[in-house]
1. Between L144 and V84, what length comes free when the chain is fully extended (0.36 nm per residue of separation minus the Cα-Cα distance, one decimal in nm)?
2. Could you give the dipole magnitude of the chain about its Cα centre, charging the beta-carbon of Lys and Arg +1 and that of Asp and Glu -1, in debye to the nearest 20?
3. I need the P(r) histogram for segment 173-309: all alpha carbon pairs, bin width 10 Å from 0 out to the longest distance, whole percents.
4. Computing the accessible area with a 1.4 Å probe over protein heavy atoms, can you report the carbon and sulfur percentage for the chain?
5. What FRET efficiency, computed as 1/(1 + (r/R0)^6) with R0 = 51 Å and r the Cβ-Cβ distance, is obtained for S160 and E301, rounded to the nearest 0.05?
6. Only sites in a loop by DSSP and with at most 16 other Cβ atoms within 10 Å count here; which chymotrypsin sites (Phe, Trp or Tyr not before Pro) in segment 85-162 make the cut?
7. Relative contact order of segment 179-236, please, whole-number percent, based on alpha carbon pairs below 8 angstrom and at least 6 residues apart.
8. List the trypsin sites (Lys or Arg not before Pro) within segment 55-130 that fall in a DSSP loop (any state other than H, G, I, E or B) and whose Cβ has at most 16 other Cβ atoms within 10 Å.
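The values are calculated or read from the model by the stated rules, or taken from the named source; none is laboratory data. Quick caveat: nothing in here was measured; it's all calculated off a predicted structure. FYI the Cβ positions are ideal-geometry reconstructions off the backbone, even for glycines, and counts take in every protein chain you see. Ligands, DNA and RNA are excluded from the accessible area calculation, which covers all protein heavy atoms including side chains. Shrake-Rupley method; radii C 1.70, N 1.55, O 1.52, S 1.80 Å.
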Amino acid sequence: MPENSNTEYKSSFSDTVIETLVAFANTKGGQIFTGLNDNGLPVKNFVIREETVQQWLNEIKHKTQPSVIPDSETVEIDGNEFVVLSIKEFPVKTVSFRGSYFKRVQNSNHQLNLGEISDMHLKTFNTSWDSYATNDYKLDDISLEKVSSFIDKSNLLKESPLQDDPLTVLYKFELIKESKIVNACHLLFAQNDVFLATIELGRLSAPTLIKDGLTLRIDLFSQIEDVLTFIKKHINKEYIITGNPQREERWEYPLNAIREIIINMIVHRDYMHYGDSSVKVFDNYIEFFNPGPLPQSISIEQLLSGDYTSQARNKKVSSIFKEAGVIEKYGSGIKRIQNAFLSYGLEAPVFENFQHGFRVFVSTQTVEKTVEKTDEIILNLIQSDSRITTKAIQQITGLSRRGIEWQIQKLKEQKIINRIGPDKGGYWEIIKDE
């Protein structure tokens with residue numbers, strides 16, 4: 001059996017064995033076969049004396065914090081002995097080895113950074129950083145007027161409205177714990193600057209040429225509207241004459257989707273990271289960046305397909321936003337963003353993990369332009385080879401088979417091409433140039 005996420009072979013006992021036990025304890029548990037080589041075969045002259053295993057266990061206990069003691073079993077095969085050290089996932093994270101923290105990733109150990117250590121610890125208690133009480137800010141730093149505004153928003157959605165005063169509401173929503181405000185309370189309702197929530201906004205005509213800029217250090221509710229206002233200031237708007245008394249506005253981007261991207265930035269940001277969020281508006285695209293990548297359990301493919309369970313990095317902020325109607329439904333935002341752009345005639349946004357965070361690109365590139373280019377490619381391919389197959393066109397263009405068939409059907413309906421003979425053995429006829 002090869003080494004994997006819960007199995008490792010070690011030819012002898014050393015600090016690396018303890019490091020791996022810690023990595024297993026911080027992940028899903030595992031076994032170390034001590035006395036076997038990398039191929040899982042017994043090591044010659046590996047000796048286990050009467051006190052050997054007990055000495056190992058004592059060393060493991062004293063070099064880990066909190067102390068862990070694995071189960072041990074001495075096994076003999078064909079006259080060769082080895083020791084199996086087994087450990088389960090530790091219930092309270094994180095376990096350290098000489099002050100360093102590790103987790104298991106496939107068949108190797110990965111050293112945790114401060115953010116990962118904190119996240120792992122918080123997940124142990126099914127909570128998040130924003131739910132913890134802070135000593136950095138006091139109740140005097142909170143605007144009860146902003147809390148009242150939140151109550152008004154929340155009551156618009158409730159059959160039984162909140163009747164309590166702002167201070168009582170903060171206690172009810174656990175935004176105050178043991179007379180201390182939690183981190184989310186300061187982020188959401190701060191009277192003054194919120195440096196942890198800094199967002200840098202810029203209008204650029206080139207990556208290094210800034211035409212306009214703004215730094216936001218305001219509460220999270222206010223950030224939504226202020227970021228949207230800055231973007232609207234720097235994108236185009238046209239008026240469509242519909243025959244109705246009032247003209248119809250059409251912005252360069254679907255504002256409902258832009259707003260959803262902004263909300264996602266705020267809810268999923270890693271506020272413990274020293275970096276700032278940023279929004280950069282260019283001539284033909286907008287770039288959104290946020291500290292805090294996707295959780296390792298969610299891939300970009302899963303994100304786009306919706307095949308994942310939503311995991312809010314900031315659970316308290318997320319729940320308050322939902323209470324106020326800012327978030328409609330957990331885990332459906334990405335799909336709504338994609339559909340909004342496609343229905344607007346624009347290409348779907350690009351989502352990616354980037355450096356220490358997550359990045360989103362939206363552009364003014366239209367679906368129609370892409371279709372036109374694909375039409376031209378297909379027509380050129382047919383002109384070059386009248387017997388080219390749909391499969392060959394698919395391989396060259398990168399489109400799905402259904403997409404190719406749709407494009408070809410469109411060219412047929414426009415009486416640009418015609419199929420002579422069966423699918424196999426037939427050929428394409430160009431009726432007229434596109």
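1. Taking 0.36 nm per residue and subtracting the Cα distance, the gain is 15.7 nm.
2. Using only the charged Cβ atoms, the result is roughly 760 debye.
3. With a bin width of 10 Å, the distribution comes to 10, 32, 32, 19, 6, 1, 0.
4. The nonpolar share, carbon plus sulfur, comes to 48 percent.
5. According to the calculation, E is roughly 0.75.
6. Sparse-neighbourhood loop chymotrypsin sites (Phe, Trp or Tyr not before Pro): F125, Y132.
7. Details: 60 pairs, mean separation 18.8, N = 58.
That works out to 32 percent.
8. Numbers: sites: K61, K63, K88, K93, R98, K103, R104, K123; in loops: K88, K93, R98.
Qualifying residues, ordered by number: K88, R98.
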